[in-house]
Amino acid sequence: EVIYLSGNKEHFDLVTAKRGKQSGKDYLVLRVADLIKMAFIASTAVVGEMRLEGLTVLRDVIEKFAATPDPDFEEAALLEQYQAQIGAALTPAFTAESSPEILSAAVRVCAVFVGSGIVKELYRMGRILKLLTTALENCR
């Protein structure tokens, strides 16, 4: 959050960050895979508080990097390639053993992902959309 509010755009621009890396600088966008892995590990932990923090990190990553384009594929968001990992991190939150707080946090993450525009075609949202719709159907 602090880096995002600093206005340092290089942390969210992969092309600029790769250029800066050559001069020894390190940027957050170069660590997106690590951030998602860390969020996955935390959000699938046994301890409920850890799971909540993992979901919070996952939501923050989605919010902060949703607009970051993938330099290798025109018209694709960088986070689109991490859709499977994001879905895998969310799946355990939708089990019967999850607390209402964890389920609520996971629904928020799904909603942020769906609303972010990372994946343009609805049919390609797969698991994440299924998790969200199943949770909403169970609320009836």
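All of the numbers you see were taken from the coordinates with simple rules; none came from a lab. Remember, it's a predicted structure, so these values are computed and weren't measured experimentally. Backbone-built Cβ (ideal geometry, glycine too); neighbour counts: all protein chains shown.
Under a Cβ-only charge scheme (Lys and Arg +1, Asp and Glu -1), can you give me the dipole magnitude of the stretch 22-70 about the Cα centre, in debye to the nearest 20?
On the way: 6 positive and 7 negative charges, 11 e Å.
Around 60 debye, computed over the stretch 22-70.
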Could you compute the longest span of the chain free of GluC sites (Glu not before Pro) located in DSSP loops and having at most 16 other Cβ atoms within 10 Å, not counting the site residues?
2-73
Are there chymotrypsin sites (Phe, Trp or Tyr not before Pro) in the stretch 89-140 that DSSP marks as loop and that have at most 12 other Cβ atoms within 10 Å, and which are they?
none
Which trypsin sites (Lys or Arg not before Pro) from the stretch 50-127 combine a DSSP loop assignment with at most 12 other Cβ atoms within 10 Å?
LYS120
Lysine pairs with alpha-carbon atoms under 28 Å apart, the stretch 2-138, spacing 8 or more or separate chains
19
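To the nearest 20 debye, what is the magnitude of the charge dipole of the stretch 2-138 about its Cα centre, counting +1 on the Cβ of each Lys and Arg and -1 on the Cβ of each Asp and Glu?
On the way: 15 positive and 17 negative charges, 40 e Å.
For the stretch 2-138, the charge dipole is close to 200 debye.
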